[in-house]
1. Could you list the square roots of 5 times each eigenvalue of the Cα gyration tensor of the range A:28-118, that is, the equivalent ellipsoid semi-axes, sorted largest first and rounded to whole Å?
2. Using a Förster distance of 25 angstrom, determine the FRET efficiency expected from the C-beta separation of residue C:151 and residue C:71, and round it to 0.05.
3. Could I have the simple spin-label model distance between residue C:3 and residue D:119, label points 7 Å from Cα toward Cβ, reported in nm to one decimal?
4. Would you mind getting the Kirkwood hydrodynamic radius of the range B:1-55 from its Cα pairs, rounded to one decimal in Å?
5. Sort A:105-116, B:73-84 by packing, meaning the average of other beta carbons within 10 Å per residue, with the highest value first.
6. Averaged over every viewing direction, what's the projected area of the C-alpha convex hull for the range A:117-164? Give it in nm², one decimal, please.
7. Taking the inverse of the average 1/r across all pairs of different Cα atoms in the protein assembly as shown, what Kirkwood radius in Å do you get?
8. Determine, from the Cβ-Cβ distance of residue C:18 and residue A:57 and an R0 of 56 Å, the FRET efficiency 1/(1 + (r/R0)^6), rounded to the nearest 0.05.
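Each reported figure results from applying straightforward, stated rules to the coordinates on display, with no laboratory input. Bear in mind the structure is a predicted one, so any value in this text is a computation, not a measurement. Here the Cβ is made from the backbone with ideal geometry for all residues, glycine too, and neighbour counts use every protein chain on show.
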């Protein structure tokens, strides 16, 4: 029986302190719910913070790495090495039951767009009003907004209960 | 000496009549400039229209196809068969000297975002104000707006002269 | 701390009864050693048998699936959905600390070749003498032969102790 | 109407003088036949030699490059930048109407195997008897042997006439 996998996306080097705090707390709450965290796997930004949060609650973490020599987060249990750069973003999205984006940037935007394209549910935790409006306009049924990690987790529970 | 390749992105089945008209004219103008048109290669929407426009002016056309059995536009000279679905969007972007998006949608949004991530110049021909504002906010130096195919071509000439 | 991942490759629909028996036993032994089994994830052939073997010993199993709608083995815990067909074979290889091939065929041959290209250690459990000779000729230092799953496991222990 | 594309594969840094000579002549003959040469696109080995041969006869050349910063052959007209390393080998194979391998090595072997998997016709120009026997054993209907570039071209003509 496959486990439930939640993809958490966000900036690497350009993540803000608030993004990192949200990602860490989200990792904790996803692990407490018994789900697996999937991220881009590098040792920076949201990828690292969400994985460390999950490990602090004994969760399992998957990192979909862009390169053979990518510097990996210490908090990754299962590194999947794609060696395909940002084309891996599509794998991140397809392998997750639902996606949460902490913050925004070009890479994160590509993942949110690919998720909508794949008809996956996406939760945005971002103060970027333009991002909220744009992605909601692409598909309001798939994209929701959460102000905090706690609210995102409540939304995930509803989404996952609907999928089953 | 590698040829100049312009990537033209846009919706497939959901393209509007205006998108198709812009794409067809853009294909004509790109071919007249002596450049190659690169698209997603299928026989629908912007991909098909831009390729047909280019062929009407004896241009060369590349189609980066998602599947082995994808229905291909009759106007593609060089089909590159990736069999990797939307992960091919990153190849579209990386292989183009600059990108023009005709219209907007989730797939197109992923390509624009990946282009910005790869630090490619992007021109948007779209009436979607939320898309314009969002992508301009991601990187105003890389993203410009064109009202018509003719204006997009003038912008491309400036961009390409700067790159050389 | 990333876990140790062993990639087990082999035919799908065309696996022989001996391949399936070897794969099942290999899955059991890899799980008993505390390692993770990685396979192509579908519900046929060596992929399915090695995953079921691992689950019979409470192991963890990863399946790198070719398509969104691939029929997945019931014994997969962590499905990674690539949607990139046989291009995923490179991900299988890069994500594994070492590779074992049970039997031989065109897909398996591509994975063994990609493993050698990536300088990974490969163990062949196959009676196909031409395959043994050919792959040994490509790189005798990376490719070894095992007559049984038990011998393959002894070889894996030596390989992994050397890598640390 | 899509053009006919012939994929020519072979070693990069480890190509032998005979491989390079065969590849150069093959490029000339493919161009003379009016077909396009597709290769891995880098500025070494068989990729470079076949592309230079084709350009010496005014042929068109496609290079499927592994990386954004790959050093490209000067003889490539159309660079397709995949940024996905050896996973691009599957694109090389799928995009070609038929494949010719000049020489042998791990990367070339992966392409021949992927070609057989995709049910493409493959011609081997190699003195490596183990490679000949192994790949012929995988599928004797798809794999043939040519002693020279001239013979390979005769075989290609037969193969392509059958496909139409």
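1. Working: eigenvalues 73, 50, 26 Å².
Its equivalent ellipsoid spans semi-axes of 19, 16, 11 Å.
2. Values: r = 32 Å, r/R0 = 1.28.
That pair, residue C:151 with residue C:71, gives E of 0.20.
3. Here the modelled spin labels are 3.8 nm apart.
4. Numbers: mean 1/r = 0.0929 Å⁻¹.
Averaging 1/r across every pair of different Cα atoms and inverting gives 10.8 Å.
5. A:105-116, B:73-84
6. Numbers: hull surface 13.5 nm².
Quarter of the Cα hull surface area: 3.4 nm².
7. Numbers: mean 1/r = 0.0396 Å⁻¹.
Evaluated over the protein assembly as shown, this radius sits at 25.2 Å.
8. On the way: r = 44 Å, r/R0 = 0.79.
It comes to 0.80.
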